[in-house]
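The values are calculated or read from the model by the stated rules, or taken from the named source; none is laboratory data. Quantities reported herein were computed from a predicted structural model and do not represent experimental measurements. Glycine gets a Cβ as well: all are built from the backbone with ideal geometry, and neighbour counts include every protein chain shown.
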Amino acid sequence: MTAKTIERPAPSGTATPPRRRRRPRGEGLSTVLIHLELVLVAAVVIFPLLWVVGASLSPGDGLGEVSPFPSEATVDHYVNLFTETAYGRWYLNSLYVAVLNMAGSVVLAAVCGFVFSRVKFKGRKAGLLSILILQMFPAFLAAIAVYMLFLNFGLLDSLTGLALVSIAGALPYNIWLMKGYTDNLPASLDEAAAIDGAGRLTIFVKIILPLMRPMLTFVAITQFTLPWMDFILPRLVLQSADKQTVALGLFNMISSEYANSYTTFAAGAVVLALPITILYIVLQRYLVTGASAGAEKG
Amino acid sequence: MSNAPSSRLPALVPGLASALVWGAGQLLNRQAGKAAFYFAFFAGLVGWEIASGNYYAGMDFTARGNGGFFVKGLWGLFTLGTQSRQMTLTGLSEGDNSITLLASGLIALLVLALLAVIWIWGVRDAAAYRATLNTGGPRESSAAYYRRLWDSAFAYIMLSPGLVLVVFMSVLPVLFVILVAFTNYNRDHLPPKNLVEWVGFDNFGAILSGSAWTDTFLGVLAWTFVFALVTTVASYALGFFQAVLLANKKVKAPRVWRSIFLLPWAVPAIVSALVFRSMFNGQFGPVSQWLVDVGLTDDRIYWFTDASNPNLARAVVLLINLWLTFPFFMALVGGVLTNIDASYYEAARMDGASALQQLRHITLPVVHKTVAPLLILSFVSSFNNFGVVYFLTEGGPDNADYRFAGSTDLLVTWLFKLTFETQLYNIGAVMSLFIFLIVGTISVWNLNRSKAIREL
């Protein structure tokens, strides 16, 4: 339900705290003050981001030499990133895990969410309760156990394994989300189809699935972007140099060879952040709505 | 309808028969198809055990040497191995690997539990069907039964891929961690070199008994609570404030401002945190340099590494985390604000309410009602926040009073270090359980207040 109410972003502002008519004389001053505050916060928000972009374009290597506005900008570090580090390899690894994680999560969450919401079967209640309990168990706790298990069975260092673990880790929450969303879709739709003789699979594919799209979009975006930023799970599961993900590679760059490859790190950070940032800003509505819907449902 | 000779059998007989040999009861009930179905599981269980074991060796039977998947699995789960790796004349002997034994045992136990469900189902089915027959109920062929079953089977078949994944990648690891908490699996007992043993509650005792472990645990726990609480309250407050400002009609181009303020939420946290880490780097970072340049400080400030000033590191971590988290609340509150009916404010104005009164008595309660459940969620996720602290400080500055933890370490980063860096798996497992207990309690409490449970 919140899904519907929060959908629109702040437009022309129906909710203006209506100060203006009461104190017309202070209006000019308060406008200036408000904008002053906005500029100040914007500066704090933008400066670190501007700084890393500047660092990626600065000549030299070290952290001490960079400036947010380099006088002689260079793109050398971006070239170095792909020619002298394994960044391209890491990027492809992350992409592989991200796509697998997204596809697996969307399919499983949609199917299981549909079944839990629409099908009556023995064990449904117990199943939902276990899902609720499982989603409380922080994913990284399982990650640590997975590490011990994989370590002893020699399963470490597999990108597919990493994707499977992250799908499973997020699945209880995603199922819960999809189930809650499907509960709010009118049941009259599937009843009508059932009367027309449609089987359950047909009802799912033809009627429910298209209606699930907003929430599926949310699951798809979050699960696609997660592996790019996730650190703890890949750090535990992946070992060899050619199996690293972007997040791991960047962290190693900054923690091991700190002072002498900072600008290359900055370039790598920009390349990682840019697509995700654009995606988030463009799709912000879906993301904020989805996140609040999850809380609404438990 | 009912069959005269066999109908006099009491319901208990087919039930008992099915309990001894799976499917036998169904056969007594003349349901061959069903009997075959249950028997297949029985045959599978026995066949698996024999095929994976060594039952024809002709020597004395031991679970260690001859047991199959189930017998050896359960033996391993109980003993965790009996023979360590030793130097013999022919070289290193093959010792027991306690942890693989523990894990295989756990898997065997899970499979057995699953089979037990089918077994109970078969016994109850045999008895119940006979009881229906005895009271003159209609016969049902196996085929008809399966057609009826198909309806509920749809749900199970559709759920099974997700179920298998969750059982093996979430449930199994969770159970495994719980078991490890009761062993001495750590850097001094690393299989296959050494055996691991069950130690009961020793690990819990070590953490709670008043040693350096206790100090570390309580210190880290307190800071984790402060971190989660301050983060939640401060980011909600700042987010609310920014959203109310942006909703003001006097603001030019609110969408542009909004998008700018959303940047910290949109940029991957690992990137922002690593950037802040370098900006606050003591030796080369620009913040320290700038403070020296403008003359505010005489020396460079070592924000995250100055062990004499842990609260400075903590404060900076909190501020940076505020930078990361306020935009989400701003977006959330902004969404709620657009949906508050303008007539509320109209009426309040007529009654002569000041802007501040309207904010306090209209805007705040309405927003709070929607956002409250998210506050709990935010608290829990801050409680489990690994990234910010690890990327910024790696737990530093060092704290001499703590064991393997720095002054800004949260429970989760400490847990990570215990497991990954110091290989104290048993202590890490106990920590995991504590964290789960704390987070679980908060979540259950939250759940009880929400409508989620009632909607099951």
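A few remarks follow.
Residue-by-condition table, conditions (1) under 26 Å from the mean Cα position of the chain (by Cα); (2) buried (at least 20 other Cβ atoms within 10 Å of the Cβ):
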| site | (1), (2) |
| --- | --- |
| A:A168 | yes, yes |
| A:N174 | yes, yes |
| A:Y181 | yes, yes |
| A:L185 | yes, no |
| A:S188 | no, no |
| A:E191 | no, no |
| A:D196 | no, no |
| A:T202 | no, no |
| A:L211 | yes, no |
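- Residue match in region A:82-91 (condition: touching a Leu at 6+ places or on another chain (Cβ under 7 Å) and either aliphatic (A, V, I, L, M) or part of a loop (DSSP other than H, G, I, E, B) (or both)): no
- Considering region B:113-124, the residues that are touching a helix residue (DSSP H, G or I) at 6+ places or on another chain (Cβ under 7 Å) and within 22 Å of B:E140 (Cβ to Cβ) include one that is surrounded by the fewest Cβ atoms within 10 Å (Cβ to Cβ), namely B:I118.
- Scanning region B:270-294 for residues that are at the interface with chain A (Cβ under 10 Å from one of its Cβ atoms), surrounded by fewer than 20 Cβ atoms within 10 Å (Cβ to Cβ) and part of a loop (DSSP other than H, G, I, E, B) gives B:Q283, B:F284.
- Taking first residues from region B:365-378 that are among the polar types (S, T, N, Q) and partners that are part of a helix (DSSP H, G or I), the Cβ contacts under 7 Å between residues at least 6 apart in sequence or on separate chains come to B:T370/A:T2; B:T370/B:V336; B:S378/B:T232.
- Residues in region A:210-245 that are touching a residue at least 40 places away in the same chain (Cβ under 8 Å), among the hydrophobic types (A, V, I, L, M, F, W, C), over 20 Å from A:L149 (Cα atoms) and part of a helix (DSSP H, G or I): A:M215, A:L216, A:F218, A:V219, A:A220, A:I221, A:F224, A:L226, A:W228, A:M229, A:A241.
- The residues in region B:301-338 that are in a loop (DSSP other than H, G, I, E, B) and either within 18 Å of A:P48 (Cα to Cα) or of a type in the set (K, R) (or both) can be counted, and the count is 2.
Here is a yes/no grid of residues against (1) closer than 28 Å to B:L437 by Cβ; (2) touching a residue at least 12 places away in the same chain (Cβ under 8 Å); (3) outside any helix (DSSP H, G or I):
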site: A:A103; (1), (2), (3): no, no, no
site: A:V115; (1), (2), (3): no, no, no
site: A:K122; (1), (2), (3): no, no, yes
site: A:G127; (1), (2), (3): yes, no, no
site: A:Y147; (1), (2), (3): yes, yes, no
site: A:F150; (1), (2), (3): yes, yes, no
site: A:G169; (1), (2), (3): yes, yes, no
site: A:A194; (1), (2), (3): no, no, no
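- B:L375 being more than 8 Å from chain A (Cβ to nearest Cβ), aliphatic (A, V, I, L, M) and under 23 Å from the mean Cα position of the chain (by Cα): yes
- Which listed residue is farther than 23 Å from A:L185 by Cβ and at the interface with chain B (Cβ under 9 Å from one of its Cβ atoms), from A:G127, A:G60, A:G88, A:G64: A:G64
- Residue, nearest to B:L262 (Cα to Cα), within region B:215-229, restricted to residues that are crowded, with 18+ Cβ neighbours inside 10 Å and of a type in the set (V, I, T): B:T224
- Residue in region B:70-77 that is modelled with pLDDT under 85 and within 30 Å of B:L172 (Cβ to Cβ) present: no
- Complete set of residues in region A:78-95 that are of a type outside the set (V, I, T), closer than 23 Å to A:G54 by Cα and surrounded by fewer than 17 Cβ atoms within 10 Å (Cβ to Cβ): A:F82, A:E84, A:A86, A:G88
- Evaluated against (1) in a loop (DSSP other than H, G, I, E, B); (2) more than 10 Å from chain A (Cβ to nearest Cβ); (3) buried (at least 16 other Cβ atoms within 10 Å of the Cβ), B:T297 falls short on exactly one condition, (3).
- Helices (runs of 4 or more DSSP H) fully within region B:177-263 that include at least 3 residues being on the phi < 0 side of the Ramachandran plot, free of Cβ contacts under 8 Å to residues at least 60 places away in the same chain and away from chain A (no Cβ under 13 Å): B:202-208, B:212-247.
- Odd one out for B:D96, checked against (1) buried (at least 17 other Cβ atoms within 10 Å of the Cβ); (2) part of a loop (DSSP other than H, G, I, E, B); (3) more than 35 Å from the chain's Cα centre (by Cα): (3)
- Of residues in region B:34-93 being among the aliphatic types (A, V, I, L, M) and in a loop (DSSP other than H, G, I, E, B), the one nearest to B:L115 (Cα to Cα): B:L80
- Search result, residues across region B:185-203 that are surrounded by 15 or more Cβ atoms within 10 Å (Cβ to Cβ) and within 19 Å of B:W414 (Cα to Cα): B:Y185, B:N186, B:N203
- Matching option when the condition is closer than 30 Å to B:V256 by Cβ, crowded, with 24+ Cβ neighbours inside 10 Å and at pLDDT 90 or above, among B:V389, B:V333, B:V430: B:V333
- Counted as qualifying within region B:352-423 are the helices (runs of 4 or more DSSP H) with 1 or more residues that are within 27 Å of B:F240 (Cβ to Cβ) and of a type in the set (G, A, S), namely B:355-358, B:364-383, B:387-393.
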